[in-house]
Each structure stands twice: as structure tokens, then as C-alpha cells.
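Encoded as C-alpha cells, the structure appears first; notes follow it.
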Amino acid sequence: RSAPFANLANDANRSSAFGSRFFARIVMSTQFNNVWRCAMSFPSVSGAGDAFVDAVLLELERRAWSSKDLFAVQLALEEAIANAVEHGNRRDASKKVDVSAEISFERVLLSVRDEGEGFDESATPNPTLVENLEIPTGRGLLLIRSFMTNVWLGSGGEIFMEKTPNGA
């Protein structure tokens, strides 16, 4: 399946430096036909993706998305970024996390990619089984799938998420 964000890379010439304490870089931020697009790359350090999450939430607020939907997108995006940093790149600051967003009034598409090899989802223990309830990790993908309308795992360490307003 092709990535929902294939067109984002086409606007690389519109890149600009983004100043943050983690030296994150916005690869692209544009708006065309009422669709806002943004892509960013940052090192695998806790908190390095906060500016991207904030930008996405600000754009959704600007489009009058509900607080329920804002919470869902924030939780899923923060969890996907945390998984990329922790599990995909193993907190190696020399490895990057690439994120992108495409936002319209009808939906938000998000992509998070790390430099890891990916994982076999079927080998992940089910966090809802009694024997796994006290394990402190392993609920991230379950939360992401619960709060987003659609979720796809790409090849390697990439996840695509889609949310439509009000869970429609």
C-alpha cells in the first residue's frame, strides 16, 4: 500500500529552519486548497517532537476540531513519537524521527517514521489479557488504534494514522 503522504516530499524546496532546543527542522509547512501540510525531522530525544505536536494541535484548533478529537490526536501522536524514540531508535540521539501531517477540515493524516527495523505486530502481547495487565508497557498501539479512525503500519518503523472529526 502506498503511503498517504507521498506528495509531502514534493515541497522540500519550501523548507525552513525551525529553532527549538532540540534543533528540530521543519522540512515543509504549506497550505494549499485548505490543506495544511507539515513535515519535521528531529533526534530521538524525549520531548524533541513537542513542537510538531503543538503545531498540529494548533492547526486543528484553528479548524474548530472538538476538544475530544484534539485529545485523541494528541494522545495518538505523542504515543507514536514516544514509540519511535524508545523502541524504534532505542533513544539513540544520532537517529532521527521523521513526522508529517496533512490536515483538512475533513481529516488529519499523520505519519511517524523511525530508523528502526519495525516489528511484528502479531508478536506483541495483547495488553488486555489478564496475564499482561500488570506489565507496564505494551499499550501504545492499542491506544493509537482506539483513538484514531484508521491506522496502518508501513514497512520498517513507520506508522500512518488518520482521524476524522467526531470519530466519523
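Suppose every K and R has +1 on its Cβ and every D and E has -1 on its Cβ; what is the size of the dipole of region 53-118 about the Cα centre, in Debye to the nearest 20? Mind dumping the intermediate values first?
Working: 9 positive and 14 negative charges, 12 e Å.
Value, rounded to 20: 60 debye.
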**Request:** Per residue of region 143-150, in order, report the coupling 6.51 cos²θ - 1.76 cosθ + 1.60 (Karplus, θ = phi - 60°) as ³J(HN,Hα) in whole Hz, putting x for Gly and Pro.
**Result:** 5, 4, 5, 6, 9, 9, 6, 9
**Message:** Using the Kirkwood formula on the Cα atoms of region 31-97, what hydrodynamic radius do you get, in angstrom to one decimal?
**Reply:** 12.8 Å
**Probe 1.4 Å - accessible area at Phe52, Å² to nearest ten** = 0 Å²
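Where nothing but the Cβ of Lys and Arg (+1) and of Asp and Glu (-1) is charged, how large is the charge dipole of region 25-161 around its Cα centre, in debye to the nearest 20?
Numbers: 13 positive and 20 negative charges, 76 e Å.
Dipole about the Cα centre, nearest 20: 360 debye.
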**Fill in**
Percent of all alpha-carbon pairs of region 99-168 at distances over 14 Å, whole number, is 66 percent
**Request:** With label points built 7 Å along Cα→Cβ from the Cα atoms of Ala64 and Asp92, find their separation and express it in nm.
**Result:** 4.8 nm
**Computed E for Phe32/Ser155 - FRET, C-beta separation, R0 25 angstrom, nearest 0.05** = 0.35
**Message:** How are the alpha carbon pair distances in region 49-168 distributed across 10 Å bins from zero to the largest one, expressed in percent?
**Reply:** 13, 44, 32, 10, 0
**Prompt:** How would you rank 60-72, 143-155, 95-107, highest first, on the average number of other Cβ atoms within 10 Å across their residues?
**Reply:** 95-107, 143-155, 60-72
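The values are calculated or read from the model by the stated rules, or taken from the named source; none is laboratory data. In this text, all values refer to a predicted model and were calculated from it rather than measured experimentally. Counting neighbours? That spans all protein chains shown, and the Cβs are built from the backbone with ideal geometry, glycine included. Heavy atoms of the whole protein, side chains included, go into the accessibility calculation; ligands, DNA and RNA do not. Shrake-Rupley method; radii C 1.70, N 1.55, O 1.52, S 1.80 Å.
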